[in-house]
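These notes are about the structure you will find just below.
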Amino acid sequence: MASTLVILVLSIVALRHYHIGITMAQLDIGVNYGMVGDNLPSPATVVQLYKRYIIGKMRLYDPNPDVLNALRGSGIDVTLGIKNQDLPSIASSADAAKTWFDTNVQPYVSDINFQYITAGNEVVPGDLAQYVLLAMQNLQTTISNYKYTGLRVSTVVASSTLGSSYPPSSGVFTDIARADMIGIINFLSSTSSPLLVNAYPYFAYASDPTNVRLDYAQFTAPGPVVQDGNLSYSNLLDAIVDAFYWAMEKEGVSSVDVVVSESGWPSAGNGDFTTPQLAQTYNQNFVKKFLAKQATPKRPDHYLEGFIFAMFNEDQKPQGVEQNWGLFYPDGTPVYPVFS
């Protein structure tokens, strides 16, 4: 399977040679690197694991210096998160944003392919939501002053910011999230940056298996499952992404793309809903979709990026599903094969 994926990605990269940070030796797919565990390998070992499986993109939840040093010269595209608790400080002034940037990005910028900086993870709606737009604006000022044209600022939201995504055209931001989301998506439109969305068909299926078909959640439906006007949907991930496009358009913004910043399927923790076989099926099909540049029915001509959650099973998360999202055990052994 690895040789087939390599051949596929070489063809894709040849067609999209202008895409920032992708080399001929990398798969145009991302994996989230979470570190909530006390038995995880060293950052240097993790970077080598990404390179071994030619995973081209890494998402970090905070600027860990050991990880950033290990990434120097790796050629891996990096999406770097700002800790949620740091948002008020960065939002307070352009100087504070520059200090954060000069500490966590500037020392590495010549050796690491930074793709996105994300101001918070799933803080909209919530007490910290008020700081997201100001933090993004202040960071953008710093980046513009440095003239780093390839680095974009965004934030990461959960699909729960939508009041509905079934069918996709009913997508609308919830009342509690709407004001913050309007400011955010207008900023993203003005800077040609995407909105990063954590999208999990697993949760929809596990919470309502009677009405959400397993094959619809796992990319295995033999044909369309949902018909929405003249658009047909055979998988739930496309429906979630398109619901965000509809929600943004209803607020007058049609130029913002979506990046799937997290998606995956746990391999244990919730009985028959979470088996290694189900997790393997979902993540293998996720990889196939994104490597084949299959976009969504609403925007079939738009490039869609995707990140799997997560690299490792993390033993310091709550027991059950939360500990079992990893593609790899802490010793580097695959929980199930996805890339080989």
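Given (1) in contact (Cβ under 8 Å) with a residue 60 or more places away in the chain; (2) surrounded by fewer than 17 Cβ atoms within 10 Å (Cβ to Cβ); (3) of a type in the set (Ser, Thr, Tyr), identify the lone condition not met by Tyr245. The single condition Tyr245 does not satisfy is (2). Take Gly73 and tell me if it is in a strand (DSSP E or B) and of a type outside the set (A, V, I, L, M). So Gly73 fails the test.
Go through the range 134-175 and give me each residue that's more than 22 Å from Leu231 (Cβ to Cβ), part of a strand (DSSP E or B) and not polar (S, T, N, Q). Within the range 134-175, Arg152, Val153, Val156, Val157, Ala158 qualify.
Looking only at the range 162-204, residues that are under 30 Å from Gly271 (Cα atoms) and more than 20 Å from the chain's Cα centre (by Cα) come to 4 in all. Residue check: Val259 meets all listed conditions (1) among the hydrophobic types (A, V, I, L, M, F, W, C); (2) surrounded by 23 or more Cβ atoms within 10 Å (Cβ to Cβ); (3) more than 16 Å from the chain's Cα centre (by Cα) but one, namely (3). The condition (being closer than 28 Å to Glu322 by Cβ and touching a residue at least 60 places away in the same chain (Cβ under 8 Å)) is satisfied by just one residue among Lys250, Lys289: Lys289. Residues that are of a type in the set (Gly, Ala, Ser) and either touching a Pro at 6+ places or on another chain (Cβ under 8 Å) or farther than 18 Å from Gln316 by Cβ (or both) were ranked within the range 326-340; the one that is modelled with the lowest pLDDT is Ser340.
Checking each residue of the range 83-103 against the condition of being buried (at least 20 other Cβ atoms within 10 Å of the Cβ) and in a loop (DSSP other than H, G, I, E, B) gives no match.
Please tell me if Val124 is outside any helix (DSSP H, G or I) and out of contact with any Cys (no Cβ under 8 Å at 6 or more places or on another chain). Taking the combined requirement at face value, the residue satisfies it. Looking across the range 1-43 at every residue that is of a type in the set (A, V, I, L, M) and closer than 22 Å to Ile117 by Cα, the one that is modelled with the lowest pLDDT is identified as Ile20. The listed residues are Thr191, Thr141, and the only one of them that is farther than 22 Å from Glu305 by Cα and of a type in the set (S, T, N, Q) turns out to be Thr141. Exactly one residue out of Lys317, Lys288, Lys293 is on the phi > 0 side of the Ramachandran plot and touching a helix residue (DSSP H, G or I) at 6+ places or on another chain (Cβ under 9 Å): that is Lys293.
Restricting the range 69-82 to residues that are within 19 Å of Ile143 (Cα to Cα) and not hydroxyl-bearing (Ser, Thr, Tyr), the residue that is surrounded by the most Cβ atoms within 10 Å (Cβ to Cβ) is Ile82. Any idea how many residues of the range 303-340 are loosely packed, with under 14 Cβ neighbours inside 10 Å and either within 19 Å of Asn198 (Cβ to Cβ) or within 18 Å of the chain's Cα centre (by Cα) (or both)? Residues meeting the conditions: 2.
The values are calculated or read from the model by the stated rules, or taken from the named source; none is laboratory data. Keep in mind the model is a prediction, meaning the values are calculated, not measured. In this analysis, Cβ positions are derived from the backbone assuming ideal geometry, glycine residues included, and neighbour counts consider all displayed protein chains.
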